[in-house]
Amino acid sequence: MELAKRLNRLPPYLFVEISKRVAELRARGEDIISFAIGDPDLPTPSHIIEYMCQAAHDPANYRYPETAGLPELRKAMAEWYERRFGVTLNPAKEVLPLIGSKEGIGHMALCFIEPGDLALVPDPSYPPFSLGTILAGGESYFMPLKEENDFLPDFETIPDEVAVRAKLMWLNYPNNPTGAVASFDFFEKAVHFAQKHNLAICHDAAYTEVAFDDYKPPSFMQTPGAKKIGVEFHSLSKTYHMTGWRVGMVVGNADMVDALFRVKSNLDSGIPQSIQYAAVEALRGSQEHIAEHNAIFQQRRDKLLKVLNEIGLTARIPKATFYIWAKIPQGYTSMDFTKKLLDEAGIAVTPGTGYGKEGEGYIRLSLTISDDRLEQGMNRLLAWRRRSK
Ligand SMILES: Cc1ncc(COP(=O)(O)O)c(C=O)c1O
């Protein structure tokens, strides 16, 4: 048996080392508190689940779904964009449901990247941007997200010869892992850059609804000209706490949406229909839980930031996302510091380098942990700090 060489181009999965260590410690009976995973602990609102259960009893939903999704779902997605962002989308041509946005993000590279082509990818970033590029045979040019630039890429520093070879640029605001946000002004610069260099933009907007302090993150699709050169990926995972149900969407440029549809229709048969109906209910039903859940995350954010400060880890106050991107003390690598927290305090976090080399010097902590466990975790961090003084 000979596996394809492209598999060898995938980098080693950096989180594996930490996951293995967590599993070993847990097998020994140790209680590890994990701040490592961005998966909401709060439940999917019950009206959504009830809708799904009803739909699951309908024999029409036992059958294969279609890649394009139910017209009703595409319509509900377009309506949601109109209500939330004032962005008008044609549900037949500018909206495509995805089996979670990760799936669409990974497959999008197949629509643009030929062997040897470049994608512009932020560093640090959500790994599928660069991994999809590798699987399509291309390479990533990494755009550093520096704290002094508010974790935004500086387009001016991208060499012309790189921009000429690039087919696609990935952006993601509110940002995982840094928690940074982008302004309309930044999105306008991105559109100008794409127009100048004839490249497409994929903006990942998975976290626009997880926001604090009355801040409302914008959509890239609100930018003049965005629909001519780009699409936006969105997800019901973080907004409606539906990570397990797998519903996302891509919206925007009709040719790009159609290209992704052509790839996907050859590979998958869409989202199970009862889940599509649940997604319609999520998008059209009560949105009250969003503010309630954000208030919970905001409280957790403030408590954890205070403790991190007390133990000497500095972090900006994120206006959105449920992540804290904390600077570690000098003299440690992100990986060493992550291991130290795990072994000495029983706390699991993600090393910044799991998101790219610019993540060195940082760790990411997720607020998707119950209030009790958060309290225990914070006490442990404080006790660990006192012991190690
Ligand atoms: C930036 C970003 N985009 C997309 C996703 C994937 O979300 P989905 O559940 O829709 O696949 C995640 C999940 O963690 C994410 O952090």
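The values are calculated or read from the model by the stated rules, or taken from the named source; none is laboratory data. What you see is a predicted model, and the numbers here were worked out from it, not measured in a lab. Cβ placement follows ideal geometry from the backbone for every residue including glycine, while neighbour counts extend to all protein chains displayed. Note: accessible area is taken over every heavy atom of the protein model, side chains too, but ligands, DNA and RNA are not part of it. Shrake-Rupley method; radii C 1.70, N 1.55, O 1.52, S 1.80 Å.
Which residues does a label at Gln222 reach in region 320-362, if reach means a backbone N under 11 Å from a point 7 Å past the Cα toward the Cβ?
Label zone hits: none.
What would the Debye formula give as log10 I(q)/I(0) at q = 0.09, 0.17 Å⁻¹ for the alpha-carbon point model of region 1-158, no solvent?
Scattering profile of region 1-158, log10 relative to I(0): -0.53, -1.28.
Per q in 0.07, 0.08, 0.13 Å⁻¹, report the Debye log10 I(q)/I(0) for the chain, using one uniform scatterer on each alpha carbon and no solvent.
With no solvent term, the Cα-only Debye profile gives -0.32, -0.42, -1.14.
Sorted by mean Cβ packing within 10 Å, highest first, what order do the peptides 149-162, 298-311 take? Could you put the intermediate results ahead of the total?
Working: 149-162: 14.4, 298-311: 16.5.
Highest to lowest by the protection proxy: 298-311, 149-162.
Can you tally the net charge around Asp41? Count Lys and Arg as +1, Asp and Glu as -1, for every other residue whose Cβ sits under 11 Å from the Cβ of Asp41.
So the surrounding residues net to -1.
Taking the inverse of the average 1/r across all pairs of different Cα atoms in region 64-143, what Kirkwood radius in Å do you get?
About 14.3 Å, per the Kirkwood formula over Cα pairs.
Which whole-number value in Å² is the accessible area per residue of region 84-176, probe 1.4 Å? Mind dumping the intermediate values first?
Values: 3470 Å² over 93 residues.
Value returned for region 84-176: 37 Å² of accessible area per residue.
At 0.36 nm per residue, and after removing the present C-alpha to C-alpha distance, how many nm does the segment from Glu79 to Leu267 gain when stretched out fully? Spell out each step's value before the answer.
Working: separation 188, 0.36 × 188 = 67.68 nm, distance 2.77 nm.
Net length gain for the segment: 64.9 nm.
Quick one: net charge of Arg83's neighbours, Cβ under 14 Å, K/R +1, D/E -1?
Neighbourhood net charge equals +1.
Using a 1.4 Å probe on the protein heavy atoms only, what accessible surface does Ile113 show? Give it in Å² to the nearest 10.
Rounded to the nearest 10, that gives 10 Å².
Which trypsin sites (Lys or Arg not before Pro) in region 54-154 pass both tests, a DSSP loop state and at most 16 other beta-carbon atoms within 10 Å?
Arg63, Lys93, Lys146
Rounded to the nearest whole Å², what accessible area per residue is found for region 317-379 with the 1.4 Å probe?
Per-residue accessible area for region 317-379 comes out at 36 Å².
Treating each Cα of region 161-264 as an identical point scatterer and ignoring solvent, apply the Debye formula and state log10 I(q)/I(0) at q = 0.10, 0.11, 0.20 Å⁻¹.
Here log10 of I(q) over I(0) equals -0.29, -0.35, -1.08.
Where does the charge balance sit around Val349 when Lys and Arg score +1, Asp and Glu -1, over other residues with C-beta under 14 Å from its C-beta? If you can, show how the numbers build up before the last one.
Working: positive: Arg21, Lys327, Lys339, Lys340, Arg364, Arg373, Arg380; negative: Glu17, Asp336, Asp343, Glu344.
Neighbour charge sum, excluding Val349 itself: +3.
Could you tell me the accessible area of Leu7 in Å² (1.4 Å probe, neighbours in place), rounded to the nearest ten?
Here the accessible area works out near 80 Å².
Check Met143: other-chain or 5+ apart residues with amide H under 5 Å from its amide H, H built from backbone geometry?
It is Val121, Asp123, by chain and number.
Hey, any idea what % of the chain's accessible area is carbon plus sulfur with a 1.4 Å probe?
Of the solvent-accessible surface of the chain, carbon and sulfur hold 52 percent.
When the solvent-accessible surface of protein heavy atoms is calculated with a 1.4 angstrom probe, in what order do Cys111, Cys53 fall, highest first?
Cys53, Cys111
If the chain between Leu10 and Lys389 were fully stretched, how many nm would it gain, using 0.36 nm times the residue separation less the Cα-Cα distance? Working shown, then result.
Details: separation 379, 0.36 × 379 = 136.44 nm, distance 4.06 nm.
Here the segment from Leu10 to Lys389 would lengthen by 132.4 nm.
About its Cα centre, what dipole magnitude does the chain give when the only charges are +1 on Lys and Arg Cβ and -1 on Asp and Glu Cβ, stated in debye to the nearest 20?
Numbers: 44 positive and 49 negative charges, 128 e Å.
Roughly 620 debye, rounded to the nearest 20.
Express the relative contact order of the chain as a whole percentage, based on alpha carbon pairs under 8 Å and six or more residues apart in sequence.
Details: 725 pairs, mean separation 93.3, N = 389.
Averaging sequence separation for qualifying contacts and normalising by length gives 24 percent for the chain.
Label points 7 Å out from Cα along the Cβ direction at Phe184 and Lys196: separation in nm?
2.2
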